[in-house]
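Reading through the structure tokens given below for one structure.
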Amino acid sequence: MELGRLEYLQALVTEFPVTDSTGNKRRCSLALSVWRGSSHTRPFSLAEAKEQVLANLANFAYDPSNYEYLRQLQVLDLFLDMLTEDNETLVEFAMGGLCNLCLDKTNKEYILEANGVEPIINCLSSSNEETVVSAVTTLMFLTTPRSRAQTTALPVVECMLRFSLSANTRLSNLASIFLQDYCSPPQVEEARNLSRHTAVGIPLPKD
């Protein structure tokens, strides 16, 4: 990496594609050279450019040495903003990035203070398996004595009960861990009783 780590990440964030003041959509040039080491140079659509930059940022979020830089560049806010996008790929990468970042105490506190739990819970209804798995895992990491009432709210526990019955082993195992380690027996019982009286719930992701 020729640029310093901070400068490189800053260039990547700066190149995140947006619609300019004239209404013209600019494309991300940096993404063309850094996307998984690709030398591919065809013009990317706005959506593709966004996806590639966000995927790169999510990958950098794996490395704890990048945490301070990513906070400084407000990448956590970018990830949170992308959770409400209609593009499922953007949501997947943003959710994955948050999942990586919230292992850090400072990042965890930032996400909680930014009211990030609600959009993360909304991601449980995604049809994308990766998004849902990242959302469940992130809720685990974000659970603290202060946030537990929100991360293990009744609708969330109901959702985990449904996920625990999924034919998708990966999802069912993760949901079972959530129920066992993060929810009290009375919470689980209340959610189970409520589920018996309603057919409405968060849909399972597609396999």
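The values are calculated or read from the model by the stated rules, or taken from the named source; none is laboratory data. Since the structure is predicted, the reported quantities are computational estimates derived from the model, not experimental observations. Positions of Cβ are backbone-derived with ideal geometry, glycine not excepted, and every protein chain shown enters the neighbour counts. Surface accessibility is based on the protein's heavy atoms, side chains included, excluding ligands, DNA and RNA. Shrake-Rupley method; radii C 1.70, N 1.55, O 1.52, S 1.80 Å.
Condition first: within 22 Å of Leu171 (Cβ to Cβ), small (Gly, Ala, Ser) and open to solvent by 10 Å² or more (accessible area, probe 1.4 Å). Can you find one or more residues in region 95-108 that meet it?
yes
Among the candidates Glu92, Glu68, Glu113, which residue alone is closer than 21 Å to Ala175 by Cα and of a type in the set (D, E, K, R)?
Residue meeting the stated conditions: Glu92.
Please go through region 58-76 and pick out each residue that is over 14 Å from Thr106 (Cα atoms) and either hydroxyl-bearing (Ser, Thr, Tyr) or open to solvent by less than 70 Å² (accessible area, probe 1.4 Å) (or both).
Correct list: Ala58, Phe60, Tyr62, Asp63, Leu73.
I'm trying to understand the selection: among the residues of region 108-140, which are under 18 Å from Tyr67 (Cβ atoms) and within 12 Å of the chain's Cα centre (by Cα)?
Ile111, Gly116, Ser134, Thr137, Thr138
When you look at Ala61, is it of a type outside the set (Asp, Glu) and either at pLDDT 50 or above or in contact with a His (Cβ under 6 Å, 6 or more places away or on another chain) (or both), yes or no?
yes
Select, from Thr89, Thr41, the only residue that is at pLDDT below 95 and either open to solvent by 40 Å² or more (accessible area, probe 1.4 Å) or charged (D, E, K, R) (or both).
Thr41
For region 7-26, state whether one or more residues are in contact with an Asp or Glu (Cβ under 7 Å, 6 or more places away or on another chain), open to solvent by 70 Å² or more (accessible area, probe 1.4 Å) and either modelled with pLDDT under 90 or under 20 Å from Val133 (Cβ atoms) (or both).
yes
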